[in-house]
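Have a look at the structure below before the remarks.
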DNA sequence: ATTCTTGTTGCATC
DNA sequence: AGATGCAACAAGAA
């Protein structure tokens, strides 16, 4: 499920072991998440190092250890981070496990294996971390930046554009739908048709949904309130929490998309 | 049995 | 050249 706020939630889970030392490393060499990793080297250099800090950005996390060591994790479609006691019954698809000095294990589970584990050792910041786009909640995410990006992808449906991580880091399928629903834009609206007022509104709504999601899900994984589209989007016969009309569902930009035909009409973007 | 999936990439096509 | 769309990746749920 992991989009912006869920990623932050999982980061916090592992962060309980901050300050502890790595006592053992397990990396499944056959897991697709671990492809390309120097597994033997990671095991060797990580052992005995202290977990110093963690950070989430977009759909990625970075865990930083002494000796300039970085572990990056992308949760893909089905990944999650867990913390468990060492004597637990291991579950299937545990692709990375760090045994920590407090007796806890930090576990990365990912059945579908669309996720990714990354590694870096050295001064400075790894390329895979540095290249993540500036956060939607940062000052760099200006209205102008959004306007330029929509123009550049003018022929694509706005739904597909909102999913582009190079400009909307952390936005995934449900967040994109939530934004468009709240702002009142049809997911099929062409990005190039958005007028100045509509762009302003889209920009503001993007920031608001990110803030709200982090407040609700990012902190302790509470379910969002039922007046969000989130709670109704996957059920057949789901109704728009604002207008009570039957929600529509269809693929847009290659992804299942849910919208309220009452609230989101083509043309509203042209202002 | 079949179809679906909260993500990303690589490649074909426009 | 740059933008767009789609299949592929893999496993489990409905």
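The values are calculated or read from the model by the stated rules, or taken from the named source; none is laboratory data. Remember, predicted model here, so these are calculated numbers, not experimental data. A quick note on method: Cβ atoms are made from the backbone with ideal geometry, for glycine too, and the neighbour counts reach across all protein chains shown.
Name every residue in the stretch A:138-170 that is away from DNA strand C (no atom under 16 Å from the Cβ) and within 14 Å of the chain's Cα centre (by Cα), in order of residue number. Those that are away from DNA strand C (no atom under 16 Å from the Cβ) and within 14 Å of the chain's Cα centre (by Cα): A:169, A:170.
Residue check: residue A:254 meets all listed conditions (1) within 16 Å of DNA strand C (Cβ to nearest atom); (2) in contact (Cβ under 8 Å) with a residue 60 or more places away in the chain; (3) within 17 Å of residue A:163 (Cβ to Cβ); (4) surrounded by 13 or more Cβ atoms within 10 Å (Cβ to Cβ) but one, namely (4). Scanning the stretch A:64-82 for residues that are more than 18 Å from residue A:35 (Cα to Cα) and within 12 Å of DNA strand C (Cβ to nearest atom) yields a count of 0. Consider the stretch A:13-40 and keep the residues that are without any contact (Cβ under 8 Å) to a residue 24 or more places away in the chain and part of a helix (DSSP H, G or I). The one that is nearest to the chain's Cα centre (by Cα) is A:39. Scanning the stretch A:202-214 for residues that are under 30 Å from residue A:81 (Cβ atoms), without any contact (Cβ under 8 Å) to a residue 40 or more places away in the chain and either surrounded by fewer than 18 Cβ atoms within 10 Å (Cβ to Cβ) or in contact with a strand residue (DSSP E or B) (Cβ under 8 Å, 6 or more places away or on another chain) (or both) yields A:208, A:212. Pairs only if they're at least six apart or on different chains, beta carbon under 6 angstrom, first in the stretch A:186-200 and within 16 Å of residue A:264 (Cβ to Cβ) and in contact (Cβ under 8 Å) with a residue 24 or more places away in the chain, second within 16 Å of DNA strand B (Cβ to nearest atom) and part of a loop (DSSP other than H, G, I, E, B); list them, first residue then second. Cβ pairs passing all conditions: A:191/A:153; A:191/A:154; A:191/A:156. Applying the criterion of being modelled with pLDDT under 90 and more than 15 Å from DNA strand B (Cβ to nearest atom) to the residues of the stretch A:219-261, the residue that is farthest from residue A:7 (Cα to Cα) is A:237.
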